[in-house]
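The values are calculated or read from the model by the stated rules, or taken from the named source; none is laboratory data. Nothing here was measured: the structure is a model prediction, and the numbers come from that model. Quick reminder, even Gly has a Cβ in these numbers, built from the backbone with ideal geometry, and neighbours come from all protein chains shown. For accessibility, only protein heavy atoms count, side chains too; no ligands or nucleic acids. Shrake-Rupley method; radii C 1.70, N 1.55, O 1.52, S 1.80 Å.
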Amino acid sequence: MCGLSGEIRFDGGRPDVAAVERMSDRLAARGPDGHGLWSLGAIAFGHRRLKIIDLSERAAQPMTDSEAGLTCVFNGCIYNYQQLREELGGLGHRFATTSDTEVVLKAYRQWGTDFVTHFVGMFAIALAEHRTGRLVLARDRLGIKPLYLAASPRRLRFASTLPALLAGGDVDTSLDPVALHHYMSLQSTVPAPRTVLAGVRKLPPATVRVVEPDGTHRDAVYWQPAYTRRPEFSGMGADDWRDAVLAALRTAVRRRMVADVPVGVLLSGGLDSSLIVALLAEEGQRDLATFSVGFESEAGEEGDEFRYSDRVARHFETDHHQLMVPSDRVSTALDGAVRAMSEPMTSHDVVAFHLLSELVAKEVSVVQSGQGADEVFAGYHWYPALAATDRAGEPDRYAEVYFDRPHAELARILQPHVLVGHDASREYVEAHMAAPGAETALDAALRTETHVMLVDDPVKRVDNMTMDWGLEARVPFLDHELVELAAACPPDLKLAGGGKGVLKDAGRTVLPRDIVDRPKGYFPVPAIRQMAAPVRDRVRDALSSPSARARGVFRDDYVAALLEAPEEHRTNRGANALWQVALLEIWLQTHGID
């Protein structure tokens, strides 16, 4: 619902408030309804506000509890803030607003750094203790809300987006070779704490970081569900799991209705978003605003799924809005989407989300969206192959079905100065999958996809694209209690029916069967997937620019081959290799990185 920025100094100096203000200004799109600055001692905060809960000026940020000596800035929403407000009131706390921000302050005053364990929601928080000069940073369990960091011996800066940190200045913008290896291997995903820039890091999800005035810090990871069969669910059959999942999703959707403004839905017409519409209808929502986007066909590939979204909209009598985008607009829309990216993201539907968000923001300020269901409930086509693998062989099998290309292939793609000599991406995945708490190979894979790949691709994509238009997207499939339940669900129930079996069973109780049993879809953007002429021209310009040549990330012969025949060069997953290479350059150039 907002954008935050700040700085803490470690050298005895005062924070650079002008730099904090520049960062805050760069976040204006995330928070068009208000702005504020605060500074005390070695710490300064900036904030841009999107009014969602308590629309009064009393709820403006940065917010200070003078009695407790605390100030915070906060991005996100605490869905259970009303219950917590009542609980904290019973413990003697007094409130001056009806905002969830004030609940964050009082919760810290009551429970200290354990305050995050009481929250149901999505959040990035920065909180200053006046007396000690200590800074506390926190991020929600699934990393729905971002928090970027730029550290030096003298100071730490932080912001809701990477471009905001760049606006503050004095950032090491050289490429991180390990992060580049991840980008080229993991479908453009760079897991936390890295980013493609050596001087910028991300606070990992489910983490509280306490930063002392001398620059030392300590991290606490406060949540990680077990991907094992738990005793409390023993004896449950398929129908029991169906009912449990549906009940948990009902709760998740209901929680995300909390707002002092209307809440809409991004409706693709697939199972996930259609379930959200159905459950909102159950809650009595009438004239619910729903939104769909489609693209002009290209090279025989269809670019819209309106027949499905229209079917759902008619069935539940929603106030439905469609956006059809011609191919010649995609290349021009691309630049706006790239400007909104905190990190380079190659998924072609990023343009779709950006264009759709522009439309939606004219009607509502909050939407629910179906991201996360495929990772949480095993909806992708590669999961059966992983389920058939034993735990020892799983990293190899995962690399075969998920990675863009093998490590050895990078030697003919990347220039030596950015080439990592070891298979950094496989090592990362292997370590993550080997951690305790996953019972089967599929459990380990789903844990990796939910807590790593999902966070730094689909979830980041939706946050970046929606918030660039001052639109808050809420993702009920990433309700942490629903994720905990799904983690415990037997793998065969998730794999059933071609994937997401238990979720499809739940869907059949509230949706038309043809929506549940339709072929799996996505946000298709044929102009990008097929490299339509305007897109190819934009790509060629980026890769032949002086800055690209000076940077020298990719081997000249490889780039020449891609440009000569882009349709012949695909990653192992079928993505266009030219698009992946070009998008990195376009992102670097767009954000002024030489």
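Applying the criterion of being open to solvent by less than 10 Å² (accessible area, probe 1.4 Å) and farther than 29 Å from R447 by Cβ to the residues of segment 356-378, the residue that is modelled with the highest pLDDT is V366. Taking each residue of segment 347-361 that is of a type in the set (G, A, S) and looking for partners that are open to solvent by less than 10 Å² (accessible area, probe 1.4 Å) and assigned to a helix (DSSP H, G or I) with beta-carbon atoms closer than 6 Å, six or more apart or interchain, yields S357/M465; S357/T466. Regarding G31, is this residue on the phi > 0 side of the Ramachandran plot and touching a residue at least 12 places away in the same chain (Cβ under 8 Å)? Spelling it out, it is not the case that G31 is on the phi > 0 side of the Ramachandran plot and touching a residue at least 12 places away in the same chain (Cβ under 8 Å). If only residues of segment 152-166 that are over 15 Å from N75 (Cβ atoms) and either at pLDDT below 95 or out of contact with any Lys or Arg (no Cβ under 7 Å at 6 or more places or on another chain) (or both) are counted, the one that is most open to solvent (accessible area, probe 1.4 Å) is P153.
Only residues that are open to solvent by 10 Å² or more (accessible area, probe 1.4 Å), hydrophobic (A, V, I, L, M, F, W, C) and in a loop (DSSP other than H, G, I, E, B) were counted in segment 93-127, giving 3.
Taking the listed residues P384, P326, P344, the one that is touching a residue at least 24 places away in the same chain (Cβ under 8 Å), crowded, with 20+ Cβ neighbours inside 10 Å and either closer than 28 Å to T450 by Cα or not polar (S, T, N, Q) (or both) is P344, with no other qualifying. Only a single item in (1) more than 22 Å from F45 (Cβ to Cβ); (2) in a helix (DSSP H, G or I) is not met by L165, and it is number (1).
Taking the criterion of being over 26 Å from W469 (Cβ atoms), open to solvent by 30 Å² or more (accessible area, probe 1.4 Å) and among the small types (G, A, S), the residues of segment 42-68 that qualify are A42, S66, A68.
Can you pull out the residues in segment 537-568 that are open to solvent by 60 Å² or more (accessible area, probe 1.4 Å), at pLDDT 85 or above and not in a loop (DSSP other than H, G, I, E, B)? Passing the criteria: D537, R540, D541, P546, R549, A550, D556, D557, E564. So if I check each of V190, V136, which one is assigned to a loop (DSSP other than H, G, I, E, B), in contact with a helix residue (DSSP H, G or I) (Cβ under 7 Å, 6 or more places away or on another chain) and at pLDDT 95 or above? Within the list V190, V136, the selection yields V190. How about segment 128-139: which of its residues are within 21 Å of E484 (Cβ to Cβ) and either open to solvent by 20 Å² or more (accessible area, probe 1.4 Å) or of a type outside the set (G, A, S) (or both)? Passing the criteria: only R139. Evaluated against (1) out of contact with any strand residue (DSSP E or B) (no Cβ under 9 Å at 6 or more places or on another chain); (2) farther than 22 Å from V553 by Cα; (3) assigned to a helix (DSSP H, G or I); (4) not charged (D, E, K, R), A444 falls short on exactly one condition, (1).
Is one or more of the residues making up segment 174-182 surrounded by fewer than 22 Cβ atoms within 10 Å (Cβ to Cβ) and part of a strand (DSSP E or B)? Yes, segment 174-182 contains at least one residue that is surrounded by fewer than 22 Cβ atoms within 10 Å (Cβ to Cβ) and part of a strand (DSSP E or B).
Looking only at segment 408-429, count how many residues are closer than 30 Å to A226 by Cα and either assigned to a helix (DSSP H, G or I) or under 24 Å from the mean Cα position of the chain (by Cα) (or both). The number of residues fulfilling the criteria is 6. So, H432, is that one outside any helix (DSSP H, G or I) and either open to solvent by 10 Å² or more (accessible area, probe 1.4 Å) or of a type in the set (D, E) (or both) or not? For H432, the condition - outside any helix (DSSP H, G or I) and either open to solvent by 10 Å² or more (accessible area, probe 1.4 Å) or of a type in the set (D, E) (or both) - is not met.
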